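Worksheet: the structure to be examined is printed underneath.
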Amino acid sequence: MADTNKQEEGRVIRLHDLRPAPGAKKAKTRVGRGEASKGKTAGRGTKGTKARNRVRPGFEGGQMPLHMRLPKLRGFRNPNRVEYQPVNVGRIAELFPAGGTVTVEDLVAKGAVRKGRLVKVLGGGEVTVKLDLTVDAWSNSAKEKVEAAGGTLAGR
């Protein structure tokens, strides 16, 4: 008797030795599989929606569903919209007081615009120096002010 206790004490329980407790694993009731499975109502109980058919996910018992209660998306978003970074001629004149040729790369280096985006020059501010601008787009007022100061505007 003492020998068997010592043998069991020294025995290590391994993963493959583990089993669920008796009665812990109970098979799921397969409802609606005919009278042979669970009697007259086939495991569905008596009457009610669940006894007759499946209820779709998201069904709220006839209450106005969430997807219909929420507001709808409105308006139109143009997938072909071209987004420009605006920069005023007055700001360019401040950054380049000597004038000269100014490209988008120069504006990026001075921190006026971000790299890799289109740039549009707008007519805010005053220009007194000659600026030869090479940008993606410009407004009419910006073109008038730059040309009045003796400069030019060109697309890149």
Inset, instruction - Return yes when residue 77 is assigned to a loop (DSSP other than H, G, I, E, B) and open to solvent by 100 Å² or more (accessible area, probe 1.4 Å) and no when it is not. - result: yes
Inset, instruction - Determine whether residue 125 is touching a residue at least 24 places away in the same chain (Cβ under 8 Å), touching an Asp or Glu at 6+ places or on another chain (Cβ under 9 Å), surrounded by 10 or more Cβ atoms within 10 Å (Cβ to Cβ) and part of a helix (DSSP H, G or I). - result: no
Inset, instruction - Count, please, the residues in the stretch 41-59 that happen to be surrounded by 10 or more Cβ atoms within 10 Å (Cβ to Cβ) and assigned to a loop (DSSP other than H, G, I, E, B). - result: 7
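Residue-wise test of (1) modelled with pLDDT of 85 or more; (2) in contact with a Pro (Cβ under 9 Å, 6 or more places away or on another chain).
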residue	(1), (2)
3	no, no
15	yes, no
42	yes, no
50	no, no
59	yes, yes
70	yes, no
82	yes, no
94	yes, no
Legend entry - Pairs where the first residue, in the stretch 41-64, is basic (Lys, Arg) and the second is in a loop (DSSP other than H, G, I, E, B), C-beta under 7 Å, 6+ apart: 44/31; 44/32; 50/44
Legend entry - Output for the stretch 30-67, where each listed residue is within 41 Å of the chain's Cα centre (by Cα) and of a type in the set (Ser, Thr, Tyr): 49
Inset, instruction - Please work out which residue is farthest from residue 117 (Cα to Cα), limiting yourself to the stretch 27-40 and to residues that are assigned to a helix (DSSP H, G or I) and either in contact (Cβ under 8 Å) with a residue 40 or more places away in the chain or not charged (D, E, K, R) (or both). - result: 36
Legend entry - Selection from the stretch 80-122 of residues that are over 13 Å from residue 151 (Cβ atoms) and open to solvent by less than 50 Å² (accessible area, probe 1.4 Å): 85, 87, 90, 95, 103, 104, 107, 108, 112, 113, 119
Inset, instruction - Residue by residue through the stretch 60-74, note down the ones that are part of a loop (DSSP other than H, G, I, E, B) and open to solvent by 100 Å² or more (accessible area, probe 1.4 Å). - result: 63, 64, 71, 72, 73, 74
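The values are calculated or read from the model by the stated rules, or taken from the named source; none is laboratory data. All figures in this text were calculated on a predicted structure; none of them were measured in a lab. Note: ideal-geometry Cβ built from the backbone for every residue, glycine included; neighbour counts use all protein chains shown. SASA here: full protein model, heavy atoms, side chains in, ligands and nucleic acids out. Shrake-Rupley method; radii C 1.70, N 1.55, O 1.52, S 1.80 Å.
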